[in-house]
């Protein structure tokens with residue numbers, strides 16, 4: 001019972017955070033892209049990989065490869081639905097009409113996978 005509470009609570013919090021980020025990304029598309037805006041996010045996210053240096057946080061290589069594979073698949077979907085335009089030496093992201101739907105679809109897929117894997121519904 002307590003376990004299920006944490007599964008639901010963490011899912012709701014993650015969904016809220018992701019939804020907030022989707023709206024921030026859609027709003028940010030109105031401003032030109034800069035080198036700083038492109039380079040800093042992946043650099044900061046990559047620092048999270050250092051947590052795996054601590055033995056308690058290490059995961060099997062199979063899970064690492066699954067995460068990388070899903071990340072590549074999801075990023076290809078985002079790349080395919082995004083276009084860039086140059087206006088007066090500034091680069092703007094021009095999201096397609098499907099961009100928001102793709103982001104929400106990826107969020108739904110992530111939550112579904114989290115619930116299926118987290119609840120142990122997949123037996124490997």
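The values are calculated or read from the model by the stated rules, or taken from the named source; none is laboratory data. Quick caveat, the model's predicted, so the values are computed rather than measured. Virtual Cβ from ideal backbone geometry, glycine too; neighbours counted across all protein chains shown.
Report, by residue number, each residue of the stretch 11-29 that is touching a residue at least 40 places away in the same chain (Cβ under 8 Å) and farther than 13 Å from residue 103 by Cβ. Residues satisfying the conditions are 11, 14. Filtering the stretch 14-32 to residues that are over 14 Å from the mean Cα position of the chain (by Cα) and either closer than 14 Å to residue 114 by Cβ or assigned to a helix (DSSP H, G or I) (or both) leaves 26, 27, 28. Counting only helices (runs of 4 or more DSSP H) wholly contained in the stretch 33-124, no element carries 2 or more residues that are modelled with pLDDT of 85 or more, touching a strand residue (DSSP E or B) at 6+ places or on another chain (Cβ under 9 Å) and loosely packed, with under 10 Cβ neighbours inside 10 Å.
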